[in-house]
Amino acid sequence: MRHLISVLIENESGALSRVAGLFSARGYNIESLTVAPTEDPSLSRMTIITSGSDEIIEQITKQLNKLIETVKVVDLSEAPHLERELMLLKVRATGKDREEMKRMTDIFRARIVDVTDTTYVIELTGNQGKLDAFIQAIDPALILEAVRSGVCGIGRGERVLRA
Amino acid sequence: MLLTGAEIVVQCLQRENVKYVFGYPGGAVLHIYDAFFQQDQIRHVLVRHEQAAVHAADGYARASGEVGVALVTSGPGATNAVTGIATAYGDSIPVVILSGQVPTAMIGQDAFQEVDTVGITRPCVKHNFLVKDVAELAETIKKAFHIARTGRPGPVLVDIPKDVSAAKCAFHYPETVSMRSYNPVVKGHQGQIRKAVKALREAKRPILYAGGGVILADAADELTALARRLGAPVTTTLMALGAYPASDRQFLGMPGMHGTYEANLALHHADVVLAVGARFDDRVIGSPEHFASEPRTIIHIDIDPSSISKRVKADLPIVGDVRHVLADFLRILDEEGLTAPRETLAPWWERIEQWRARRCLAYEQPADGPIKPQYVIDTLWKVTKGEAIVTSDVGQHQMWAAQYYRFDHPRRWLNSGGLGTMGVGLPYAMGARFARPDAPVVCVTGEASIQMCIQELSTCKQFRLPLKIVNLNNGYLGMVRQWQELFHGGRYSESYMDSLPDFAALARAYGHVGIRVDRPADLQPALERAFTEHANELVFLDVRIDPRENVYPMIQGGKGLTEMILSANDL
Ligand SMILES: Cc1ncc(C[n+]2csc(CCOP(=O)(O)OP(=O)(O)O)c2C)c(N)n1
Ligand SMILES: [Mg+2]
């Protein structure tokens with residue numbers, strides 16, 4: 001089962017390698033990992049997408065909690081939550097493809113953020129499925145470059161993760 | 001007044017009441033060594049290899065219950081220390097390792113004797129720090145000691161660049177540490193504890209299964225009191241020998257791969273298992289699937305939540321310090337007026353006594369035959385009246401020491417259970433002797449293991465450590481040979497060492513007493529002389545034992561607790 005785990009961790013050098021090292025040393029899956037400081041700059045928030053049986057997920061959360069610098073861990077996927085990922089896509093935009101690209105961008109409520117005579121950079125946010133669908137929808141030969149931020153997530157409503 | 005980083009290090013260690021530092025100097029720690037030179041409160045023990053520095057600090061911690069301290073230089077000093085650190089981590093031993101590092105400005109430039117010590121040690125420490133600013137040094141050291149000794153203990157490394165130990169700063173040692181990210185649970189959940197007590201009271205076939213956590217938490221008295229109160233059998237793992245008196249009838253011996261018949265069968269057939277500071281390790285229960293084939297209620301007390309339901313699902317998990325939790329058990333039993341063991345356990349004890357009647361550890365010592373290792377440990381136990389601190393290395397001799405030296409007290413048995421590191425025996429004995437200068441300290445080793453840290457005989461001479469080394473010399477990597485005999489068709493690939501040294505002569509070359517023992521009749525007199533005539537000297541007893549002897553009982557790796565081989569006849 002796919003799980004989305006959020007970790008609040010001290011914003012110290014080395015904290016990221018402790019988390020990454022834990023996943024590789026114990027053989028856990030890591031599909032995506034994002035990390036950035038929070039509104040409190042002394043804390044970082046990580047969002048990790050992983051998968052495994054209930055026992056493995058239980059171990060993952062326990063092992064994350066065991067790291068000395070970890071302040072809090074929640075499995076966001078246990079309750080209603082939002083997931084978002086950002087993608088920047090550089091595409092070939094010439095001739096009739098130029099119009100088609102513009103049309104797909106509108107349909108997906110994406111935005112064109114960089115324009116040249118021959119290329120567009122398209123910005124799209126959404127859950128992983130939406131980003132995948134966009135890539136599916138356009139001609140792969142036209143994709144010059146794709147960069148995705150990895151997923152970040154937050155609980156819905158009153159569910160709050162803070163130190 | 002401003003102090004240098006090096007002086008701050010020394011001040012911090014003094015404030016932590018550190019009595020001994022085990023270490024080895026080098027370029028990156030010269031300032032720190034200079035500061036040591038100018039004080040006399042802390043004694044520095046100069047080892048002959050950094051691995052031994054950490055092992056000795058670890059042995060000191062095991063024997064004393066206090067944090068052990070090691071000091072090494074950057075680069076090769078730090079990499080030599082890694083085996084010691086991983087060994088301490090494997091058994092959750094509180095050790096603080098201070099390592100020198102190249103100056104901050106040179107970090108990352110492949111400087112002379114630079115390695116990424118924090119990176120290399122990250123997976124085998126409880127935590128580690130690189131101190132980039134002298135202003136953070138004191139607080140970091142305070143945190144290191146706090147983290148090492150609280151919660152599930154473990155090694156903590158502090159990497160100190162050379163310019164940081166030279167820089168000056170006002171010294172202030174914090175009295176307390178508060179870390180929002182680190183607050184280990186001490187008290188167990190009262191509701192869970194009540195449920196657990198009820199389950200134990202209603203059990204028809206209970207067993208107490210204690211692990212190293214009981215030793216680490218100094219909870220032997222509580223464990224013993226609970227066992228007596230319940231009248232239940234007790235098994236203690238390799239790491240917990242001495243947590244319950246081995247001479248007591250309720251003690252079944254250790255469980256696992258080389259555990260006793262009665263301990264393994266009782267653990268398998270129990271209806272309620274109280275696991276205390278133990279972790280259902282692969283060397284204890286073998287296959288978790290086989291173990292799960294028998295229904296039972298598992299109560300699991302551990303300070304580390306990640307140890308619970310890791311290999312075996314717990315029905316009643318209790319997170320907390322085992323000493324506190326066991327004290328709560330006893331209090332609840334008091335409240336409920338349960339003071340004497342119940343009759344209802346009689347049928348369970350009858351079964352256990354039948355298993356015990358197999359006498360799975362019985363052995364024979366022919367008067368004129370080769371010396372049996374079991375006889376050596378038995379005799380050692382008699383000669384030391386069971387009161388010695390015994391360290392061991394890794395192999396058959398370790399298992400014989402664990403099986404035949406009956407430990408009645410905690411912190412008397414020091415060995416590497418988790419990592420299984422050959423070479424720990426001698427440095428552990430050194431650390432133990434510093435911790436308990438009054439106690440007889442014996443290292444039971446093998447001719448292969450002892451050679452992994454044999455240079456420490458020199459340290460022992462310098463510090464006049466009157467250790468007794470009992471080398472069970474079978475001329476083989478015996479444990480490897482045993483597996484090859486049983487599971488690899490008798491193909492003894494590289495398990496025989498030709499050209500062994502004359503150990504007795506080698507010991508004498510280091511300035512100690514060396515005695516070779518070839519005949520059973522000479523063993524007891526030699527051991528007695530070691531503790532009388534040579535009481536104040538290190539004695540190396542090179543005991544030539546039967547090279548064909550194997551360790552039994554044995555459970556093959558991956559098999560279950562009921563699948564024991566009791567002797568060669570079972571094969
Ligand atoms: C550092 C290290 N290397 C290898 C091993 C694997 N190993 C386990 S027991 C053993 C043989 C030990 O021989 P010896 O010390 O003579 O003890 P014996 O089994 O003969 O009593 C070996 C090589 C180990 N445990 N540690
Ligand atoms: Mg041997």
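Quick notes
- Looking across B:LYS143, B:LYS168, one residue alone is on the phi < 0 side of the Ramachandran plot and either touching a Ser or Thr at 6+ places or on another chain (Cβ under 6 Å) or more than 14 Å from every other protein chain (Cβ to nearest Cβ) (or both). It is B:LYS168.
- From the options B:SER74, B:SER92, residue that is buried (at least 18 other Cβ atoms within 10 Å of the Cβ) and on the phi > 0 side of the Ramachandran plot: B:SER92
- Tally of residues being in contact (Cβ under 8 Å) with a residue 40 or more places away in the chain, among the acidic types (Asp, Glu) and part of a helix (DSSP H, G or I) across the range B:1-35: 1
- Highlighted here are the strands (runs of 3 or more DSSP E) found entirely within the range A:54-163 that include at least 2 residues which are surrounded by fewer than 17 Cβ atoms within 10 Å (Cβ to Cβ) and touching a strand residue (DSSP E or B) at 6+ places or on another chain (Cβ under 8 Å): A:81-92, A:111-115, A:119-126, A:143-155.
- In the set (1) within 16 Å of ligand 2 (Cβ to nearest atom); (2) assigned by TED's automatic domain parsing to the domain that holds B:VAL234, the condition left unmet by B:VAL319 is number (1).
- Single residue of the range B:283-313 satisfying the filter (part of a loop (DSSP other than H, G, I, E, B) and more than 14 Å from chain A (Cβ to nearest Cβ)) that is surrounded by the fewest Cβ atoms within 10 Å (Cβ to Cβ): B:PRO295
- Residue pairs whose Cβ atoms lie under 7 Å apart, sitting 6 or more positions apart in sequence or on different chains, and linking a residue in the range A:132-157 that is of a type in the set (Lys, Arg) to a partner that is at pLDDT 95 or above, are A:ARG148/A:GLU85; A:ARG148/A:MET87; A:ARG148/A:LEU131; A:ARG156/A:PRO80; A:ARG156/A:HIS81; A:ARG156/A:LEU82.
- Condition met for B:GLY277 (of a type in the set (Gly, Ala, Ser), free of Cβ contacts under 8 Å to residues at least 12 places away in the same chain and within 16 Å of B:ALA227 (Cα to Cα)): no
- B:ALA144 touching a helix residue (DSSP H, G or I) at 6+ places or on another chain (Cβ under 6 Å), at pLDDT 95 or above and not assigned by TED's automatic domain parsing to the domain that holds B:SER307: no
- Count of the range B:384-397 residues which are in contact (Cβ under 8 Å) with a residue 60 or more places away in the chain and either within 16 Å of ligand 1 (Cβ to nearest atom) or within 14 Å of another protein chain (Cβ to nearest Cβ) (or both): 5
- Where B:ARG519 falls short, out of the listed (1) over 27 Å from B:MET254 (Cα atoms); (2) within 16 Å of ligand 1 (Cβ to nearest atom); (3) basic (Lys, Arg): (2)
- Residue selected from the range B:435-451 under the condition within 12 Å of ligand 2 (Cβ to nearest atom) and over 15 Å from B:ALA507 (Cβ atoms), by the criterion surrounded by the most Cβ atoms within 10 Å (Cβ to Cβ): B:VAL444
- Residues satisfying the stated conditions in the range B:27-44, i.e. of a type outside the set (S, T, N, Q) and surrounded by fewer than 24 Cβ atoms within 10 Å (Cβ to Cβ): B:GLY27, B:LEU30, B:HIS31, B:TYR33, B:ASP34, B:ALA35, B:PHE36, B:PHE37, B:ASP40, B:ILE42, B:ARG43, B:HIS44
- Filtered residues of the range B:390-425 (kept if of a type in the set (Ser, Thr, Tyr) and surrounded by 23 or more Cβ atoms within 10 Å (Cβ to Cβ)): B:THR391, B:SER392, B:TYR405, B:SER416, B:THR421
- Test: residue in the range B:414-434 that is more than 14 Å from every other protein chain (Cβ to nearest Cβ), under 27 Å from B:ARG359 (Cβ atoms) and within 16 Å of ligand 2 (Cβ to nearest atom): yes
- When the range A:148-163 is filtered for residues that are of a type in the set (D, E, K, R) and either within 14 Å of another protein chain (Cβ to nearest Cβ) or touching a helix residue (DSSP H, G or I) at 6+ places or on another chain (Cβ under 8 Å) (or both), the ones remaining, listed by number, are A:ARG148, A:ARG162.
- The combined condition, being touching a Lys or Arg at 6+ places or on another chain (Cβ under 8 Å) and within 12 Å of another protein chain (Cβ to nearest Cβ), is fulfilled by B:VAL177.
- Residues within the range B:460-487 that are within 14 Å of ligand 1 (Cβ to nearest atom) and of a type outside the set (Phe, Trp, Tyr), tallied: 16
- Only residues that are within 22 Å of B:ARG436 (Cβ to Cβ) and either among the aromatic types (Phe, Trp, Tyr) or in a loop (DSSP other than H, G, I, E, B) (or both) were counted across the range B:409-420, and they come to 8.
- Criterion violated by A:TYR28 - all others in (1) touching a Ser or Thr at 6+ places or on another chain (Cβ under 8 Å); (2) more than 26 Å from A:VAL160 (Cα to Cα); (3) away from chain B (no Cβ under 13 Å); (4) not aliphatic (A, V, I, L, M) satisfied: (3)
- Residue list for the range B:452-466, filter: away from ligand 2 (no atom under 16 Å from the Cβ) and either without any contact (Cβ under 8 Å) to a residue 60 or more places away in the chain or touching a Gly at 6+ places or on another chain (Cβ under 7 Å) (or both): B:LYS461
- Residue among B:VAL54, B:VAL118, B:VAL102 that alone is within 24 Å of B:SER307 (Cβ to Cβ) and in contact with a strand residue (DSSP E or B) (Cβ under 7 Å, 6 or more places away or on another chain): B:VAL54
- Selected residue (only one of B:ALA148, B:ALA135, B:ALA196 is within 14 Å of chain A (Cβ to nearest Cβ), in contact with a strand residue (DSSP E or B) (Cβ under 6 Å, 6 or more places away or on another chain) and part of a helix (DSSP H, G or I)): B:ALA148
- Whenever a residue of the range B:287-307 is assigned by TED's automatic domain parsing to the domain that holds B:GLY277, its partners that are polar (S, T, N, Q), lying with C-beta atoms within less than 6 angstrom and at least six residues away or across chains, give the pairs B:SER306/A:GLN63.
The values are calculated or read from the model by the stated rules, or taken from the named source; none is laboratory data. Owing to the predicted nature of the structure, the values given are computational and were not obtained by experimental measurement. Note that each Cβ is placed from the backbone with ideal geometry, even for glycine, and that neighbours are counted across all protein chains shown.
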